[in-house]
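In what follows, a single structure is set out as C-alpha cells and then discussed.
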Amino acid sequence: MSIRTTITTQFQQVAVEQKRKLATLTDDLKLIDCGLDSLSFALIVARLEDALGVDPFSSEDATSFPVTFGDFVRLYESVAK
Amino acid sequence: MRHAVPGRSTSEHPPVIVTNASGNPTAHMARVCAEPLYFPSGGRGLLGWLHSPVRPDASGMGVVICKPFGNEALCSHRAIRVLAQTVADLGIPALRFDYAGTGDSAELDPSSDQIHAWVSDIVAASSELQRLTGVQRVCLVGFRLGAAMAALAAMQCDRIGGLVLCAPVVSGRRYLRELRTTRLASLVGAGESAMSADGSLEVSGHTLSSASVVALGEIDLTTLAFPPASRMLIIDRDDLPAARSWSDGLTRSGVGAEYLTLPGFVRMLMIAPQFAVVPQAILAAANQWLLGVEQRSATAPPSENRRAPVKPCPLALELPGPSGKRDAMIRERTVTFGEDVELFGIATEPQHGEPRRRAVILLNAGADLHIGVGRMNVSLARSWARQGYLALRMDLAGIGDSPTRAGRPTDEVFPPGALKDVAHAIEFIRTSYGISDVTLAGLCSGAYHALRAAVANLPVSRILMVNPENFFWKEGSKLEELQLAEVVRNPVIYRQRILSLAAWRRVLSGEVNVWRVVKVYFFRPLLALESKLRDLARWLHIRLPDDLGWELEHIDSRALRIVFVFARGEPGIDLLHIEAGSSIRRLGERCRVHIIDGADHTFSKESSQAVLEQILSDELFAKQPRLAEVTRAGAGDSCVERMR
C-alpha cells in the first residue's frame, strides 16, 4: 500500500470514528477545511507512526503543521524515504 | 416545584434504563446513591462524587477513578459516571473527582508541577474514600494519563488493593508528542509555536506548565523501581496498544498483571460528548476484575475489613475573592433544583454582603458538562462572582451530572425539556437567593436555549449568545442531518472544488454524497428568497412562523439586552443575517454582534477564550437596559459590527 493510500485510509477511518464529514481529499485541500479537528490529526499521526514507522512531528524542532493535504502526504513521503 | 437549599445534595437515580443515540445506557441503579462533596488535598478543595451502594457489603474495598487529562476528561465524563455507578452497583463504593485546577475543583498555581499535585490528589482521594466509607483498601481505576498517575500514586499508598489501567500512558515522552501534535494541528495557519516561550504547553484550552511538561517527560512506567501494585489489570487500546511489553515484563517479574486489548477508547475519550459512546466491553472487564478482587478480599472477617464510616460535613468550596483577603472569599456550592428531574449545578456566590442582586446562568454547550470547553464556564463563573454576580453553571436534564428524564436519551443537545430546565434554574435563583435580575449565557446550543428562553418570555434581563449555529430546531431532527449552518457554510467550499478533476473522480466513484451537495445548492437560494419574503411580511406586520427577526424585535420590546458573539467565519453570522433580515438593521445597537478573529467554534484556545471572556464581561456589566453606542469592544482583535 502506498504512503498516500495509507494516509487517505487513516483520514477516512478517523472521520468515520469521530462522526465527522470529511471533505474530498485533494492535494490543494486545506487541512483546516477538511472536516477534522486537531484531536483527529493527533490520532492520525499516532496511527501513521504505527503503520509507517515514522512520525515527522516527533522532533522538538517541528514547529508547524502542513497546510494542505498534499503538503501532509509529501511530508510523510519525504520522511519515509 | 421542589428546590434544594444550596449545599450538599444527594441524588438517587431512577430505576430506568434508556439509551442515547449512541447506545449509551443512562443509568440504572436504584441501589446506588450518588453524592457530590468537597475534600481537601494539599490545602486545596477538590470536588468529588461518591457513588455509594445503598446496602454496602462488608468487603472493605472501594474504588477511586482517576480521570484522563484535558479534553479527554470532558469527552469521557458519561463513561466515567456510568463506571462509578456500575461499580457501586456491585456493592463497592466509588469516588470520582476532579484534580486541582481541573473541573470544579479549586485552582492550582499555574506554574506548579501539576503531575506531582495530581498524583497527590489521587492519594488524598483514596484517603478520603477510606474516611467516608470505612473501607480498608482501595483499587485505583485510571484512564490514559490518569492511569499513569494512578500507578505512581499506588507506589505512595500502602492501602492500594489493585490497579485497573485503561489505555495507560506508559511513556510520558510519547504522550507529550501526541499533545504537541494536537497543538500543532490546532495552529495551522496561525503562525504560532506549539510550545510557549516559557516551556508550557496548551492543548484545547488546557495548559500544562513547564514544570509539568518536564515531569510528564520523565514518566516511564517500564522503569519503575518496583511494581505499583500486586494485582493489576491493564486494558489496552485495540487500535494503538502501547502497554503490552510493560505488562509482559510485570508478569515475568511475578506481578499478577492481566492484559487485554479492547475496542472503544477512541469513541469514549476522543469524540465530542454528544457522540461519545460508553465502552461497555471495557467497563464490563473492569467490573468483573474488581468483583474478583473484592470477593477475594471479602474472605477476611468484616471487622478487619471495615471501619465505621464517617459522614462528610456539608462543605462549600472557598475561593479567593476580589481582594484576596480571607474575609472576602467567594464560595461554591453544589445545588440541585427542579421538579420532575433533580437538576445539578454549581452556584458560585459573591462575597457575603454583596448589595447588588444579580445572577448569570451558564448553559451547556452541546453535551459538554457544566464546566464548558477548556473549563471556560468555571473561569467565567468565578470571575463574575468576584465582581458581584451569583453564577450558576448547570447541566440540563440528561447532560453532565443531571439525571435523564424518563423516556429520553442521554446527552441530547436540543432536549425538548430544556426550556423547563432553564425556567427551574431561574426560579431556583429567585427563591433561594432572592435575585430577579438574571442573565442567560451559552455557547452553540447553549446560545440557542438562551434565545428560546427569552422568546418564551422567561424572566431574564440579558441573553449572551456565543456562536449559535441554529435558531430553530425541530423535535426529532438529528445532528447528523443537513442543518442550515451547513447550507450557509458549504457552497463556497463546493464552488472551489467544482473544477477539480480529483473531486469529480470521487463523485463518479461514489465517495461523495452527491445528494447532500445538491441539497446544499438547492436550499441556499431558497433561503435568500425566504429572507426577502420575511422582510416583506414584517413590513406588512404579518407574523410568519419561525421568524427570527420578529422574535428578536419582540425580545427587544421587553427591554432585554441581546448580545451575539461569533468567531469570524462561523456560519451563524450569515444565518443571523438571512433569518433576521431587516430586523437586525432596525434593532441597530440594541442587538449587539461581536466578531472575534482567530477563534474556533468552541473558543478552545486560551488566547481567544480570554478575548471572549472580556467581551462577555463588558456586556454583562454594561448598564441596563441599553448601552450607549460602542464601536469597539475592549479586548484583542474583536470588533462590534452592525449587521447590514
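The table below gives the values:
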read-out	value
Residue within the range A:36-51 that is free of Cβ contacts under 8 Å to residues at least 40 places away in the same chain and loosely packed, with under 15 Cβ neighbours inside 10 Å present	yes
Residues located in the range B:237-255, provided they are in contact with a strand residue (DSSP E or B) (Cβ under 9 Å, 6 or more places away or on another chain), open to solvent by 40 Å² or more (accessible area, probe 1.4 Å) and outside any loop (DSSP other than H, G, I, E, B)	B:R244, B:D248, B:T251
Residue within the range B:140-163 that is assigned to a loop (DSSP other than H, G, I, E, B), within 11 Å of chain A (Cβ to nearest Cβ) and in contact (Cβ under 8 Å) with a residue 40 or more places away in the chain present	no
Verdict on A:A15 being closer than 21 Å to B:M270 by Cα, more than 7 Å from every other protein chain (Cβ to nearest Cβ), touching a residue at least 24 places away in the same chain (Cβ under 8 Å) and open to solvent by 50 Å² or more (accessible area, probe 1.4 Å)	no
Selection status of B:S120, among the small types (G, A, S), part of a helix (DSSP H, G or I), away from every other protein chain (no Cβ under 14 Å) and open to solvent by 30 Å² or more (accessible area, probe 1.4 Å)	yes
Selected residue (criterion: modelled with the highest pLDDT) from residues of the range B:451-496 that are under 22 Å from B:A528 (Cβ atoms) and of a type in the set (D, E, K, R)	B:E469
Among the residues listed as B:D600, B:D574, the single one being of a type in the set (D, E, K, R) and out of contact with any strand residue (DSSP E or B) (no Cβ under 9 Å at 6 or more places or on another chain)	B:D574
Residue match in the range B:563-570 (condition: open to solvent by less than 20 Å² (accessible area, probe 1.4 Å) and in contact with a Cys (Cβ under 7 Å, 6 or more places away or on another chain))	no
Residue ID - nearest to B:H541 (Cα to Cα), chosen from residues in the range B:571-600 that are open to solvent by less than 50 Å² (accessible area, probe 1.4 Å) and part of a loop (DSSP other than H, G, I, E, B)	B:G581
Hits in the range B:185-214 (condition: crowded, with 20+ Cβ neighbours inside 10 Å, at pLDDT 90 or above and either assigned to a helix (DSSP H, G or I) or of a type in the set (K, R) (or both))	B:S212, B:V213
Selection from the range B:64-106 of residues that are more than 28 Å from B:E294 (Cα to Cα) and acidic (D, E)	B:E72, B:D104
Options A:T26, A:T6; residue that is surrounded by 15 or more Cβ atoms within 10 Å (Cβ to Cβ) and within 11 Å of chain B (Cβ to nearest Cβ)	A:T26
Evaluation of B:T182 against (1) of a type outside the set (D, E, K, R); (2) within 11 Å of another protein chain (Cβ to nearest Cβ); (3) buried (at least 20 other Cβ atoms within 10 Å of the Cβ); (4) closer than 30 Å to B:P409 by Cα (one fails), failing number	(4)
Residues of the range B:70-105 that turn out to be in contact with a Leu (Cβ under 7 Å, 6 or more places away or on another chain), open to solvent by 10 Å² or more (accessible area, probe 1.4 Å) and farther than 25 Å from B:N287 by Cβ, as a count	2
Output for the range B:256-300, where each listed residue is assigned to a strand (DSSP E or B) and over 32 Å from the mean Cα position of the chain (by Cα)	B:G256, B:A257, B:E258
Top-ranked residue in the range B:546-561 [being more than 31 Å from the chain's Cα centre (by Cα) and assigned to a loop (DSSP other than H, G, I, E, B); ranked as surrounded by the most Cβ atoms within 10 Å (Cβ to Cβ)]	B:D547
The range A:52-67, subset facing chain B (nearest Cβ under 9 Å) and surrounded by fewer than 19 Cβ atoms within 10 Å (Cβ to Cβ), residue farthest from the chain's Cα centre (by Cα)	A:E60
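Residues are listed down the side, and each one gets a yes or a no for (1) under 27 Å from B:R405 (Cα atoms); (2) part of a loop (DSSP other than H, G, I, E, B); (3) aromatic (F, W, Y); (4) touching a helix residue (DSSP H, G or I) at 6+ places or on another chain (Cβ under 7 Å):
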site	(1), (2), (3), (4)
B:T334	yes, no, no, no
B:D340	yes, yes, no, no
B:T348	yes, no, no, yes
B:Q351	no, yes, no, yes
B:R356	no, yes, no, no
B:N364	yes, yes, no, yes
B:L369	yes, yes, no, yes
B:R375	yes, no, no, no
B:V378	yes, no, no, no
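The values are calculated or read from the model by the stated rules, or taken from the named source; none is laboratory data. In this text the structure is predicted, and so the values were computed from the model without any measurement. Here Cβ is always computed from backbone atoms with ideal geometry, including for glycine, and neighbour counts include all displayed protein chains. Areas reflect the complete protein model, heavy atoms only, side chains present, ligands, DNA and RNA absent. Shrake-Rupley method; radii C 1.70, N 1.55, O 1.52, S 1.80 Å.
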